[in-house]
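*Asks:* Can you read through this structure? Questions will come right after.
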Amino acid sequence: MKESPYALERELGMQYYATATPGIGGTLRTVPEDFLVDEISPAGKGETTGPYLICRLTKTNWELQHAVKEIARRLNISHRRIGWAGTKDKNARTTQLISLYKVTPEDIAAFSLKDIILEPIGQSNEQLSLGDLEGNRFDICIRAADPEDLAGRVITVTETASQALPNYFGLQRFGVIRPLTHRIGEQILHGDYEQAVMIYVGLAFPHETEEVRRVRTAFMDTRDTAVALRELPVHMSFERSMLSYLHTHTDDYAGALQQLPPKLLSMFVSAFQSYLFNSALSHRLSEGHTLTDPLPGDRLIFTNGRTDAVTAANISAVTLHLARGRCSIALFMPGKDETDAVTGNNAIRDILAEMQITADDFRKASLFVRTKFDGAWRPIALKTMIDASVQETNVHLKFTLPPGHYATTVCREYMKADPIRMI
């Protein structure tokens, strides 16, 4: 195990690597084609009739929420009529299914948008929803890696990945250029909608353009919506929607937030849950515990979703189940229900207490966002077989992950580089 030296990773709770070997460095996503993602959809999608048109969406260098909003605009429909199973990377070429309510194949035939391809594959009686996928296949190239013992370091991480890596939520869960979704979620949980809006619109980050940083900073200082609307680039549609609403509904920050697509709004609170998970996992590792050795009091999640507790009496049987891949040690991401899973986890309990966030705050956020935040168990270990190859100073990785697992979590283990080189 090795600690991350990068402030951004530590701020997001990603404090450790599983391997102690030096990183290979390099750069991810030199071009979008270096990061290929192919969604694995359940069998039968698009093979029935119904009001939902199922399409295969291939996009290059598009953030999904912005892509959906632009697709809706071009088709002259509400973005709420478009559903999807998983959020994919922006700086990549990704393929996934989306559902479009009461859209015809003829509508899609007339559709045209740069770097986006829509292919109808059938109809369905149900909208696609988050989680309606079996996983994702990745084909990734890390370029310009450190040549010193490159093959040896790649082998070490590849072998470790087949056993266990920390199953962190990756950087893109929190925002790539602006990693702040969890901060907005925290403010929504506090009911401080004004601060949530100010963070989203007004907080500038170093890797934005100088002009955008200037406009954000000025708005943070002056709250002048007219000036911000005039000077923000047109493509920053979410910020502009919020500002436009505030311009005509002074100080209605709750209403401004609700101008965002519901799925984007819900992602803020779930990002805070992700931050809690990352922090609790790092706390476990900091105490010297492993990802695969059970401790009395640990909770297990089985492949069918069932959970169970580890006790002194069953620890031998549990160790065998873990070795055979029947279950994983899990941590609980808290939500609106009080559970022993929260009160029994010192790390999460202490973070929530320090931030003064309770289950009641999650209940209020559920009503505001109109999304259930019930809490969920998540395995602490990511395990995958990786087909890794080295060509001069380029490293190619092919692997498959279950839903909700992050390829960048795998890549960071190889690279151990500044996270900005992974976006």
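*Asks:* Only one of Pro147, Pro120 is of a type outside the set (A, V, I, L, M) and touching a Cys at 6+ places or on another chain (Cβ under 7 Å); which?
*Replies:* Just a single option satisfies the conditions, and that option is Pro120.
*Asks:* Would you mind finding the one in Ala359, Ala376, Ala353 that is at pLDDT below 95, exposed (fewer than 15 other Cβ atoms within 10 Å of the Cβ) and aliphatic (A, V, I, L, M)?
*Replies:* Answer to the selection: Ala353.
*Asks:* Among helices (runs of 4 or more DSSP H) lying entirely in the range 340-423, which contain 3 or more residues that are out of contact with any strand residue (DSSP E or B) (no Cβ under 6 Å at 6 or more places or on another chain) and charged (D, E, K, R)?
*Replies:* Result: 346-355, 359-369.
*Asks:* Follow-up question, since we're still on this one. Can you name the condition, by its number, that Val37 falls short on among (1) closer than 30 Å to Asn278 by Cα; (2) in a strand (DSSP E or B); (3) at pLDDT below 95?
*Replies:* Every condition holds for Val37 apart from (3).
*Asks:* If you don't mind, there's one more thing I want to ask. For the range 144-208, which fully contained helices (runs of 4 or more DSSP H) count at least 3 residues that are over 22 Å from Met236 (Cα atoms)?
*Replies:* Filter on the range 144-208 gives 150-161, 181-190.
*Asks:* Ok, one more. Can you pull out every residue in the range 103-131 that is surrounded by fewer than 14 Cβ atoms within 10 Å (Cβ to Cβ), over 24 Å from the mean Cα position of the chain (by Cα) and among the acidic types (Asp, Glu)?
*Replies:* Listed by number, the residues that qualify are Glu106, Glu119.
*Asks:* Taking the residues in the range 40-68 that are aliphatic (A, V, I, L, M) and either under 19 Å from Thr87 (Cβ atoms) or modelled with pLDDT of 95 or more (or both) as candidates, determine which candidate is farthest from the chain's Cα centre (by Cα).
*Replies:* Leu53
*Asks:* Kindly indicate whether Ala312 is part of a helix (DSSP H, G or I), among the aliphatic types (A, V, I, L, M), out of contact with any helix residue (DSSP H, G or I) (no Cβ under 8 Å at 6 or more places or on another chain) and modelled with pLDDT of 90 or more.
*Replies:* Spelling it out, it is not the case that Ala312 is part of a helix (DSSP H, G or I), among the aliphatic types (A, V, I, L, M), out of contact with any helix residue (DSSP H, G or I) (no Cβ under 8 Å at 6 or more places or on another chain) and modelled with pLDDT of 90 or more.
*Asks:* Would you check if Leu150 is farther than 30 Å from Leu367 by Cβ, of a type in the set (A, V, I, L, M), in the same structural domain as Lys88 (by TED's automatic domain parsing) and touching a residue at least 12 places away in the same chain (Cβ under 8 Å)?
*Replies:* Spelling it out, it is not the case that Leu150 is farther than 30 Å from Leu367 by Cβ, of a type in the set (A, V, I, L, M), in the same structural domain as Lys88 (by TED's automatic domain parsing) and touching a residue at least 12 places away in the same chain (Cβ under 8 Å).
*Asks:* Then there is this: Considering only residues of the range 142-155 that are in contact with a Ser or Thr (Cβ under 8 Å, 6 or more places away or on another chain) and surrounded by 18 or more Cβ atoms within 10 Å (Cβ to Cβ), which is farthest from Lys263 (Cα to Cα)?
*Replies:* Among those that are in contact with a Ser or Thr (Cβ under 8 Å, 6 or more places away or on another chain) and surrounded by 18 or more Cβ atoms within 10 Å (Cβ to Cβ), it is Leu150.
*Asks:* Here's a follow-up. Leu246 versus (1) modelled with pLDDT of 95 or more; (2) of a type in the set (A, V, I, L, M, F, W, C); (3) closer than 20 Å to Met333 by Cα: which is the lone unmet condition?
*Replies:* (3)
*Asks:* Something else: Go through the residues of the range 382-389 one by one and say whether even a single one is among the polar types (S, T, N, Q) and closer than 28 Å to Gln258 by Cα.
*Replies:* Scanning the range 382-389, I find no residue that is among the polar types (S, T, N, Q) and closer than 28 Å to Gln258 by Cα, so the answer is no.
*Asks:* Next up: Kindly indicate whether any position in the range 381-390 is modelled with pLDDT of 95 or more and farther than 22 Å from Tyr406 by Cβ.
*Replies:* Scanning the range 381-390, I find at least one residue that is modelled with pLDDT of 95 or more and farther than 22 Å from Tyr406 by Cβ, so the answer is yes.
*Asks:* Only one of Gly335, Gly325, Gly305, Gly288 is surrounded by fewer than 21 Cβ atoms within 10 Å (Cβ to Cβ), at pLDDT below 95, within 28 Å of Met355 (Cα to Cα) and among the small types (Gly, Ala, Ser); which?
*Replies:* Gly288
*Asks:* Can I ask one more? Give me the pairs, please: first residue somewhere in the range 205-228 and touching a residue at least 40 places away in the same chain (Cβ under 8 Å), second residue anywhere and of a type outside the set (S, T, N, Q), beta-carbon distance under 6 Å, and either six or more positions apart or on two chains.
*Replies:* Note: pairs meeting the criteria are His207/Ile177.
*Asks:* Moving to a separate point now. Among the residues of the range 77-101, which ones are surrounded by fewer than 17 Cβ atoms within 10 Å (Cβ to Cβ) and either aromatic (Phe, Trp, Tyr) or assigned to a loop (DSSP other than H, G, I, E, B) (or both)?
*Replies:* Ile77, Ser78, Tyr101
The values are calculated or read from the model by the stated rules, or taken from the named source; none is laboratory data. Every value quoted in this text rests on a predicted model; they were computed, and no experiment measured them. Quick reminder, even Gly has a Cβ in these numbers, built from the backbone with ideal geometry, and neighbours come from all protein chains shown.
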